[in-house]
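Notes follow the structure.
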Amino acid sequence: MGVQWPLALLSLLVLPVLVAAYVWHNRRRRKQAVRHSSVALIRAAAPKRAGWKRHLPFALVLAALGLLGLAAARPEVAMDVPISDSTIILALDVSGSMCSTDVDPNRLTAATTAVREFVQNQDDETRIGLVVFSGFAQLTVAPTTEREALLRSLDGLTTGRGTAIGAAVLKAVDAIAEIDPEVAPSDPGTGGDPAAAPRARPPGTYAPEIVVLLTDGANTTGVEPLDAAKTAAERGVRVYPIGFGTRNPASMVCTAAQLGGRGVESYGGAGPPVSSGGYGGASARSYLVADEGTLREVANRTGGQYFAAGDAGRLQDVLRDLPRTVATQQRDVEVSVAPLALAAVLMLGALWAAARWSVGS
């Protein structure tokens, strides 16, 4: 548990002052009482009541003031919140390899169908954003609860050359930073205060927003995925990568719409030749197969989880089960309403006690 305004707790220093004043006042009254000529007469006239009843109203008021001071500091506690109170950024690979027909009718069509179902099945309060990437990454739909914009964007996806997985992660982090002031953008100098820095998070705690990254290949351009994962981890943003497609890419066939109106294009065998050198020393790496090792490490470094989906059915299962996998996420929730409500109850109790056990009762 913590507080947002710790200086407000200084107001609690007035409580011992009030206690001292109350004790001094009672002693002063007692000294004045013994000056009367007949103490027995005063005792006979006074109502019979326990000593604690006489002090209860003051004690209740004192407790209420303490709670008001605590509420002024805006206390907050780390709580698990359901994913429906959060945001999901979908980062979808639209590189040319997504036209591989090892998944019927091709990877892109199967992925789009599964993502559509996932979007439609989410709670109405869940905000979803869409990042698409090939040789570069772009935010096509900012996080929103409106489903139509997302579905239209999914219907209009077109392929491109290259696979910028690291750039997609950073673009997703930036989309989250736009809606969550506690998450700094990937490059603090480009958004808001140049001196902004990632908020230090306690170990094991994360931002409520998550990134679901779906790709069928390996990074071919831009920032390295593990460098992007480090940036996301510093900001408490979890990444859940999904490696899509089989280990044996088939011929690649893209529809005219998936090629952006360039007409139907197909390649025999395992697709067009792709440069395989210059990535982590693995010159024989195929960029048409999901780089599971890197994707697993991205998940590990950010606190997420990696999933493999070799076919359309498995992909739909992964996306369907994802809300249960990420059922709750920890975030700081302000709880100042609770001490305010309790303070109000104590004040009413003090008024009732004062009226119930007044001198005239």
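The values are calculated or read from the model by the stated rules, or taken from the named source; none is laboratory data. Since the structure is predicted, the reported quantities are computational estimates derived from the model, not experimental observations. In this analysis, Cβ positions are derived from the backbone assuming ideal geometry, glycine residues included, and neighbour counts consider all displayed protein chains. For the accessible areas, the whole protein counts, side chains as well, though only heavy atoms, and no ligand, DNA or RNA atoms are used. Shrake-Rupley method; radii C 1.70, N 1.55, O 1.52, S 1.80 Å.
Taking Pro143 and the conditions (1) outside any strand (DSSP E or B); (2) open to solvent by 10 Å² or more (accessible area, probe 1.4 Å), which numbered condition does it fall short on, given that it satisfies the others?
Among (1) outside any strand (DSSP E or B); (2) open to solvent by 10 Å² or more (accessible area, probe 1.4 Å), the lone unmet condition for Pro143 is (1).
Enumerate the strands (runs of 3 or more DSSP E) found wholly within the stretch 177-267, keeping only those where 3 or more residues are at pLDDT 85 or above.
Answer list for the stretch 177-267: 210-215, 238-244.
Of all residues in the stretch 146-159, which are surrounded by fewer than 18 Cβ atoms within 10 Å (Cβ to Cβ) and either in contact with a Ser or Thr (Cβ under 7 Å, 6 or more places away or on another chain) or under 22 Å from Val239 (Cβ atoms) (or both)?
Passing the criteria: only Ser153.
Of all residues in the stretch 60-106 being part of a strand (DSSP E or B), of a type outside the set (Gly, Ala, Ser) and surrounded by fewer than 17 Cβ atoms within 10 Å (Cβ to Cβ), which is modelled with the lowest pLDDT?
Only one residue tops the list, namely Pro82.
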